[in-house]
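Shown below is the structure under consideration.
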Amino acid sequence: MEHTTLSSEHRQLIETLTNLAAVAIVRLQLAKEAEQAKWLTESEKLHRTLLNSISHDFRTPLASITGAVTSLLAEGSIYSPETREIFLHTIKEEAHRMNRFIENLLDMVRLESGTLKLNMKWCDIQDIVGVVLRQTRDTLQGHPLQIDIPQDLPSVRADFILIEQVIINLLENAAKYSLPGSTISISALCRDKTLFLTVADPGPPIPKTEQEHVFNKFYRLRSAKPASGTGLGLSICKGIIEAHGGIIAVDSSLEYGNRFTFSLPANEELPEQKDAAKGKDHGG
């Protein structure tokens, strides 16, 4: 059996290639470690942002509630009935605000973990909007409302409570970023077996560069007007609507401000109309 002896040139070439391979492996390892370090840094930054936002958004209403309750308990007798009513209204409004924060956080956890379950039933969008308007009376105070929802819209199969929450989040967002006294509108229409509902406000239009980000978690629009919140409201809207098989988007311009529109699969006929038609067929 013959043994092949490598020349010095060949050995040098192999050593060079080996060294190059070793350098490449080290570089890949360093790149991987750098990527992991970057991911950890971003993760820590995200956690800090979330914790700071949550702590601020919880402390603010808590401080208002504590101040109002302390005043009523310590020196309640010196306040007029009107002043006491203002304190009680503050307590109610701030407690409602805290409850919204908690609901948004819990819903985001459920969406992220895949445990959000839809309680699907036949719903009338007018009924949902009616409930929403009763719940957002205080939030929308100072904003005239314009409602355009036709009587003959088809029913939708949806989770009443979650779609209610979507519309509440959109209305609160509209009130938060629009000027006091500006009109907020709610309109709906049906096209191609799909129901579209739009919440519009004449506030400063969202720049094109930000429109694609407004539905991201913890994203806050740049605004000259101070605004509270964790930046979860629109992200939760997106998750809920997509879980229903619909889509949500924003359209902005200097002419009309901002229009947030979501879609839901619609039924061509109301359930009772279908049942009546079936009964007629069986009877005939």
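Looking only at segment 100-116, filter to residues that are among the acidic types (Asp, Glu) and modelled with pLDDT under 75; which one of those is nearest to residue 171 (Cα to Cα)?
107
Count, please, the residues in segment 70-97 that happen to be surrounded by 13 or more Cβ atoms within 10 Å (Cβ to Cβ) and part of a loop (DSSP other than H, G, I, E, B).
So the answer is 1.
Out of the residues in segment 141-187 that are of a type in the set (Gly, Ala, Ser) and out of contact with any Cys (no Cβ under 9 Å at 6 or more places or on another chain), state the one that is farthest from residue 205 (Cα to Cα).
Applying the filter and picking the extreme gives 142.
Moving on. Hey, can you tell me all the residues within segment 130-160 that are closer than 17 Å to residue 240 by Cβ and at pLDDT 90 or above?
Passing the criteria: 131, 132, 156, 157, 158, 159, 160.
From the list 235, 263, 228, pick out the single residue that is at pLDDT below 90, among the polar types (S, T, N, Q) and surrounded by 15 or more Cβ atoms within 10 Å (Cβ to Cβ).
Among 235, 263, 228, only 235 is at pLDDT below 90, among the polar types (S, T, N, Q) and surrounded by 15 or more Cβ atoms within 10 Å (Cβ to Cβ).
Give me the residue from segment 171-201 that is under 14 Å from residue 145 (Cα atoms), under 19 Å from the mean Cα position of the chain (by Cα) and not in a strand (DSSP E or B) and, out of that set, modelled with the highest pLDDT.
171
For segment 97-124, name all the residues that are closer than 20 Å to residue 59 by Cβ and either in contact with an Asp or Glu (Cβ under 7 Å, 6 or more places away or on another chain) or without any contact (Cβ under 8 Å) to a residue 24 or more places away in the chain (or both).
99, 101, 102, 106 - these are the residues of segment 97-124 that are closer than 20 Å to residue 59 by Cβ and either in contact with an Asp or Glu (Cβ under 7 Å, 6 or more places away or on another chain) or without any contact (Cβ under 8 Å) to a residue 24 or more places away in the chain (or both).
For segment 180-197, which positions are touching an Asp or Glu at 6+ places or on another chain (Cβ under 9 Å) and surrounded by fewer than 17 Cβ atoms within 10 Å (Cβ to Cβ)?
182, 183, 187, 189, 193
Hey, another quick one. Tell me yes or no: at least one residue of segment 202-218 is touching a residue at least 24 places away in the same chain (Cβ under 8 Å), buried (at least 17 other Cβ atoms within 10 Å of the Cβ) and not in a loop (DSSP other than H, G, I, E, B).
No, there is no match, as no residue in segment 202-218 is touching a residue at least 24 places away in the same chain (Cβ under 8 Å), buried (at least 17 other Cβ atoms within 10 Å of the Cβ) and not in a loop (DSSP other than H, G, I, E, B).
Does segment 142-164 hold any residues that are of a type in the set (Gly, Ala, Ser) and either surrounded by fewer than 16 Cβ atoms within 10 Å (Cβ to Cβ) or within 21 Å of the chain's Cα centre (by Cα) (or both), and which are they?
142, 158
Evaluate the following for residue 90: is it over 24 Å from residue 245 (Cβ atoms), among the β-branched types (Val, Ile, Thr) and in contact with a helix residue (DSSP H, G or I) (Cβ under 9 Å, 6 or more places away or on another chain)?
Yes: the conditions hold for residue 90.
Let me ask you something else. If residue 115 passes every condition in (1) of a type in the set (S, T, N, Q); (2) surrounded by 14 or more Cβ atoms within 10 Å (Cβ to Cβ); (3) within 24 Å of residue 232 (Cα to Cα) but one, which one does it miss?
Failing condition for residue 115: (2).
The values are calculated or read from the model by the stated rules, or taken from the named source; none is laboratory data. The structure presented is a predicted model; accordingly, all values stated were derived computationally and were not measured. Positions of Cβ are generated from backbone atoms using ideal geometry, with glycine treated the same way; all protein chains shown enter the neighbour counts.
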